[in-house]
Amino acid sequence: MAVETRAQAAGAAAERRDRAVRAAVEQGLIDEGSPLVCLLDVAGIRASAAALTSAFTEALAPGTPVLHAFAVKAAPLVPVLRLLADAGIGCEVASPGELALARAAGVAPHRTVLDSPAKTAAELRDALALGIAVNADNRQELERLDALVAAAPTSSPIGVRINPQTGAGAIDALSTATATSKFGIALRDPGAREWLVRAYLDRPWLTRLHTHSGSQGVPLPLIAEGVRELRALAEEINAAAGRRQVDTLDIGGGLPVNFASDEETPTYAQYAAALREAVPGLFDGSYGLVTEFGRSLLAKHGLVLSRVEYTKATGGRPIALTHAGVQLATRTVYAPAAWPLRILPYDAKGNPLTGPPVAQDVAGPACFAGDLLAAARELPLLSPGDLVAVPDTGAYFFTAHYGYNSLPRPAIHGFTVTPAGGVRFTLARPAQSLSDITAEAGAALRDALL
């Protein structure tokens, strides 16, 4: 995608966002009684799915099998999974709960991949019975699979996750190809490579290899290096086997997201180009491919919208107290340097707020001092009743609620802009009621500990 085209796409997304904010006010999605709402741009999600599929279709040899599986943890919402499935995207799941969400969305087993470093025997047995692809994380899990595969035939493709040990990106906690990462078989540990080759030769039913070097903060060259190591190992296994035993490479996801502006960069086309340069044989049709993108498909298309409840000044610093904080932007609140978010100010009618910039804190509702979406952020001075919008929050933010202070989960609405310029909202997840909160907290068992 050309730079000009990316800029045009960013401009169109910003225009849809402004229309959605104004419509949310006009249609009563946000008001004094409902001071917090979250929005998903349906057209934006579809555009990201199309960009992913087209980038790989253009790069791959014709007829190469490819499955793009969405990392459910990034946005565990059934309507989102259903929307992505309609756009040709399957699911990557890492727990029984995520698998249940994928199945509720109607995602077929053969379009589902199970990854987790701590799968129980029951989880593995269920996945194999359904024909879901499984990536084993460690030697003990592989031994467990030996018994399960011997006990019952399965159509599940099975592989092993490797850790290429190629290094960390900018965020240590999200870097999964370090020397001591908890994930996968460490490829550069003494004897590990030889053991892996032997493990495949002893198990003809192992037909896949998997790697994932991390996500936000991992640069494209580092991701590509991990994929190069993966393909080289597959070639070594197949040469030792004297046949094409490994037929599919699961290259994970990890495309970083730009949180500084509306532009989507890097693009999937740039990612595919980086892979073609580093691992040209990946695209020659020798191997089927699986990808597992999450954040890059959803992040740019989510918006938190909150009313400003109060404003004050402390020590000369203006503070806007809002209803959006740690319960939605958990990573930003606890690690603001790694997860900065933009703040877009609107007036009470949903129009962009103008005025001279003033350094002010944008605070959330939780009862601890660090519950800040932004500190000393230069914005037009906010007043009670104004709105703050937090973009780029469609993945890992409001979709995965953190129950601090028993703050309720907000409603999530998808939105589409009609050809006439109107905005249509569709409920994707209802707001959590107080009775929901008390039930979840054991209200039916009130006297259990007496």
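If you model the range 163-253 as an ellipsoid using its alpha carbon gyration tensor, with each semi-axis the square root of five times an eigenvalue, the axes come out at 25, 13, 10 Å, biggest first.
Put simply, the amide H of Ala170, placed in the peptide plane, has neighbours under 5 Å in Val218, leaving out anything fewer than 5 places away on its chain. Cα centroid separation, the range 157-197 to the range 403-422: 38 Å.
Which value, in debye to the nearest 20, describes the size of the charge dipole of the range 43-298 about its Cα centre when Lys and Arg Cβ atoms bear +1, Asp and Glu Cβ atoms bear -1, and nothing else is charged? Numbers along the way, then the final one.
Details: 22 positive and 27 negative charges, 89 e Å.
So the dipole magnitude of the range 43-298 works out to roughly 420 debye.
In terms of packing, defined here as the mean over residues of other Cβ atoms within 10 angstrom, the peptides 209-220, 330-341, 74-85 line up highest first as 209-220, 74-85, 330-341. Legend: calculated FRET efficiency, Arg243 to Asp126, from the Cβ-Cβ distance at R0 = 25 Å, rounded to 0.05, equals 0.25. Within the chain, antiparallel bridges make up roughly 50 percent of the DSSP beta bridges whose residues both belong there. For the chain, the longest principal axis of the Cα atoms and the long axis of helix 139-151 meet at an angle of about 70 degrees. Both the radius of gyration and Dmax for the range 79-172 are 14.5, 44 Å, in that order, over alpha-carbon atoms. Note on Lys312: lysines with a C-alpha under 28 Å away, same-chain residues under 8 apart excluded, are Lys349. A simple packing score, the average count of other Cβ atoms within 10 Å per residue, orders the peptides 114-122, 197-205, 45-53, 288-296 as 288-296, 45-53, 114-122, 197-205, with the highest score first. Relative contact order, whole percent, for the chain stands at 18, derived from Cα pairs under 8 Å and 6 or more residues apart.
Divided by 2.2 N^0.38 Å, where N counts the residues, the Cα radius of gyration of the chain comes to 1.05. Backbone phi angles across the range 63-71, fed through the Karplus curve with coefficients 6.51, -1.76 and 1.60 (θ = phi - 60°), yield HN-Hα couplings of x, 5, x, 9, 10, 9, 10, 6, 6 Hz in residue order; Gly and Pro are listed as x.
Given charges of +1 on the Cβ of Lys and Arg and -1 on the Cβ of Asp and Glu, with all other atoms neutral, how large is the dipole of the range 242-360 about its Cα centre, in debye to the nearest 20? Let's see the in-between values first.
Numbers: 11 positive and 10 negative charges, 89 e Å.
Using Cβ point charges on Lys, Arg, Asp and Glu, the range 242-360 gives about 420 debye.
Remark: the chain carries a charge dipole of roughly 260 debye about the Cα centre, counting +1 on each Lys and Arg Cβ and -1 on each Asp and Glu Cβ.
A straight line joining the Cα centroids of the range 354-388 and the range 24-79 runs 28 Å. Backbone amide hydrogens, once placed in the peptide plane, bring Arg317 within less than 5 Å of nothing, excluding anything fewer than 5 places away on its chain. Fully extending the segment from Asp146 to Glu440 would add 101.9 nm, taking 0.36 nm per residue of separation and subtracting the current Cα-Cα distance. Taking amide H atoms as placed 1.01 Å from N in the peptide plane, the amide H of Val326 lies under 5 Å from those of Ala366, each 5 or more residues away in sequence or on another chain.
Please give the contour-minus-distance gain from Thr265 to Leu449: 0.36 nm per residue of separation, less the Cα-Cα distance, rounded to one decimal in nm. If you can, show how the numbers build up before the last one.
Working: separation 184, 0.36 × 184 = 66.24 nm, distance 5.33 nm.
Taking Thr265 through Leu449 to full extension adds about 60.9 nm, to one decimal.
Between Ile171, Ile132, Ile30, the residue with the greatest mean-square fluctuation in the GNM of the chain (Cα pairs under 10 Å linked by springs) is Ile171.
All of the numbers you see were taken from the coordinates with simple rules; none came from a lab. As the structure is a computational prediction, the values presented were derived from the model and not from experiment. Every residue, glycine among them, receives a Cβ derived from its backbone with ideal geometry; neighbour counts consider all protein chains shown.
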